[in-house]
Structures are given as C-alpha cells and as structure tokens.
Amino acid sequence: MELSTRVRPAAGRIETPVNDLLASGDYARKQIYCPSRVVAWSHGSRFRLAARLAASAAGGRLLDYGCGDGTFMALTHGTFADAVGADVDARQLAECRRRLAALSGLQFVLTADLHGPQHERAYDVVTCMEVLEHCVDAERVRVLDQLRDLLAPGGRLVVSVPIEIGPALAGKQFFRAVAAWRRQGDYQYRETYSPRELLAATFARPNLVRAHHRVETATGPLEYCGHKGFDWRVLAKEIAARFRVEQRLFTPLGRLGAMWNSQVWFVCARR
C-alpha cells in the first residue's frame, strides 16, 4: 500500500493532501500536529506503521475500531474499497461525518451497532489503536471477543496500546511534563504519579491499581480508565488466548523493545 504521506525529519510532521482536514481533528492536533517534536515524531511513526501493517488488505474492507477523530481513515483514504470507523461517542462520530464529508467512501458507526451480516466476519483488516488501555477489565475482554467476530477469514487484526510500565514510562512522563509546561496539546491534564507509584510502574510490578472514571455520553454512561497502571503484558495474554499472534512490534524505536518504546503492536489472525 502506498500511503500519500511524507515526513519532515526536523519536525516529524506528516504531510498529506488532506492536511487541513486532519489538522482540524482533536486527536490529530494534539498528536501528529503537536508543537512538541518528540510527541509528533512518536505519534507520526505510530500512524505510519499502522498504514504499513494494514497494507495486506489494500482494496478490501477496513474497520477502525475506536476511530476517534478519523485520523487513520483520512490518512489511508483511497486505499480500501470500504472503510468503516466505529466509536462509542456519537458526538465524535457526527463530527467525523461533518469534517471528513469530502472524503468519499468513509462510514462512521457506533461500536454497539457492529452486528449483523454486514459486519460479522466482514472485515479484511481491523485496526484497534490506543483503545484497549482505556477499557475496564471486563469490557476489554468483551471487545476482544467482538473483534474476533468482526474479522473475516484470512483477515488481520492490528492492535496497538501504549507502554505504561518499565523504563519507557519515566521517559514518557518527562516529555509529557515538558509538553504540559509549554502548554502543548492537552498534556497539562495528564495523569500524575506519586514517587512510589512511578517507582513501582518503572520496575514493572504487576497488578498496579487503576483508577476508573465515569462519563455521560449520548448513548449513556461509560466507565473507562486512563493510561495510569495499564500493563500491556496482561493484554498480550488475553490476545494470545483468542488469536494467533503473527507479529509483535514496537514504536517509535523498533528493535529496542518494550523497555525503550512508547507503543507495542500485535498483528493477529483468527485461530
């Protein structure tokens, strides 16, 4: 798959023919268009890898589960015969439809509506990026089961989550603090750690306590978690119990592994 993007190394920005549409999205603005070069570089590498991993389904059907502001769908527009973005937030989906109306072939639906023959076992590639870390335990398991039901025979599931344990966390918290001090993105509202909590997370101790939050959405109350206390190793076991894991990758520094990267990726097939 050829993704119509290029990177300016000095700033780490992604440039595309749909720049204006992308930059108007909440997540894109605070991630790949963040004034912090480190933040922009990290998230830019994440989206480029996602596009590369989805290449096996070029010309097929894409489902971006937890699509947010539609950034990935806009970046890969024209690559897939059918592209569906799903999210729990009806207002976010309405905004995606408005902002990205000029891009033909994009559909946006609630995750609760992903049922029936038009969705079940219907997608050649399903992406679920930076979503599962926000799910409470029972919901995360339910979502994984749902993703398995949505994936077509021979299709691929691409999952990414942030690494919030180990030495990588200390570096991430530092750059988050710098971005907050400079009022870049919305990092002034980031989760904070006590010295004891940060030490425990840095040494990757298991069973870290996670705070649960509750918010009202257009479709009812939603319980969710932040990044704090998320342990990607627990998710890895849950994925392996449901899928055949073909690749495990890391960004943005690739070969340096879980200790020095921001995100971990799983490329999976149905068992």
Out of ARG48, ARG99, ARG142, a Gaussian network model of the chain with alpha-carbon springs under 10 Å gives the largest mean-square fluctuation to ARG142
Sorted by accessible surface (1.4 Å probe, heavy atoms of the protein chains only), largest first, THR76, THR202, THR192 come out as THR192, THR202, THR76
By the mean-Cβ-within-10 Å protection proxy, highest first, 167-174, 154-161, 114-121, 61-68 rank as 61-68, 154-161, 167-174, 114-121
Quick calc: nm separation of the 7 Å Cα→Cβ label points for TRP260 and VAL141 -> 3.7 nm
Looking only at the chain, where both bridge partners belong to it, what percent of the DSSP beta bridges are antiparallel (to the nearest 5)?
55 percent
Modelling each spin label as a point 7 Å along the Cα-to-Cβ direction, I'd like the ALA55/ARG248 distance in nm, to one decimal.
2.4 nm
Note, ³J(HN,Hα) from phi for region 105-122, Karplus 6.51, -1.76, 1.60, rounded to Hz, x at Gly and Pro
x, 8, 10, 10, 9, 6, 4, 5, 9, 7, 9, x, x, 6, 10, 5, 6, 10
I'd like the FRET efficiency for LEU103 and ALA170, computed as 1/(1 + (r/R0)^6) with the beta carbon distance as r and R0 of 45 Å, rounded to 0.05.
0.70
Where in region 32-61 does the label zone of ASP82 land, with the point 7 angstrom along Cα→C-beta and an amide N cut-off under 17 Å?
57-61
For region 53-103, the dipole about the Cα centre with charges only on Cβ (Lys and Arg +1, Asp and Glu -1), to the nearest 20 debye, works out at 140 debye
So what is the calculated 222 nm ellipticity per residue for the chain, using -39500 (n - 2.57) for each DSSP H run with n of 4 or more, over all residues, to the nearest 500 deg cm²/dmol?
-9500 deg cm²/dmol
Can you pull the Kirkwood radius for region 35-113, inverse mean 1/r over Cα pairs, to one decimal in Å?
13.1 Å
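The values are calculated or read from the model by the stated rules, or taken from the named source; none is laboratory data. Since the structure is predicted, the reported quantities are computational estimates derived from the model, not experimental observations. Using ideal geometry, Cβ is built from the backbone for each residue, glycine included, and neighbour counts are taken over all protein chains shown. Accessible surface is based on the protein model in full, side chains and every heavy atom, while ligands, DNA and RNA are left aside. Shrake-Rupley method; radii C 1.70, N 1.55, O 1.52, S 1.80 Å.
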